[in-house]
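Just so it is clear, none of the values below were taken in a lab; they were calculated from the coordinates. Predicted model only: the values in this text are computed from it and were never measured. All Cβ positions, glycine included, derive from the backbone under ideal geometry; neighbour counts span all protein chains shown.
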Amino acid sequence: MDLLLYLGGGAAALLALGGLARSVWAINRRIVVIVDLVQELSPDHGRSIKDQVTDTAADVADIKTTLCDLSGRFDEHLAEQRPE
């Protein structure tokens, strides 16, 4: 009878350790996901989403400036070509 009690206690201890290990694993996975997200949103000289968005915004601003300049030059050209 004592053997059955020891086996039951051992099984319960293994189940408790398994549950604890699973909980620790789940917490560790959440921490890893959070760290990955924080690293993705932190500037790191071009690799992060934030850096790519900033670079894209700068490119769009340059294109806008160039387009406004070209548009003004085109309007001037059309004004010179009109017969009066």
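Loop only by DSSP, 14 or fewer other Cβ within 10 Å of the Cβ. Give me the trypsin sites (Lys or Arg not before Pro) in segment 11-60 that pass, ordered by residue number.
Values: sites: Arg22, Arg29, Arg30, Arg47, Lys50; in loops: Arg47.
The qualifying sites are Arg47.
At a temperature of 10 °C and a viscosity of 1.306 mPa s, determine how fast segment 45-84 diffuses translationally according to Stokes-Einstein, using the Kirkwood radius over alpha-carbon pairs as Rh; express D in µm²/s, rounded to the nearest whole number.
Working: Rh = 12.3 Å.
Rounded, D is 129 µm²/s.
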Legend entry - Exposure proxy order (Cβ contacts within 10 Å, fewest to most) of His45, His77: His45, His77
Inset, instruction - Stick to Cα atoms and the Kirkwood definition of Rh, then tell me Rg/Rh for the chain. - result: 1.70
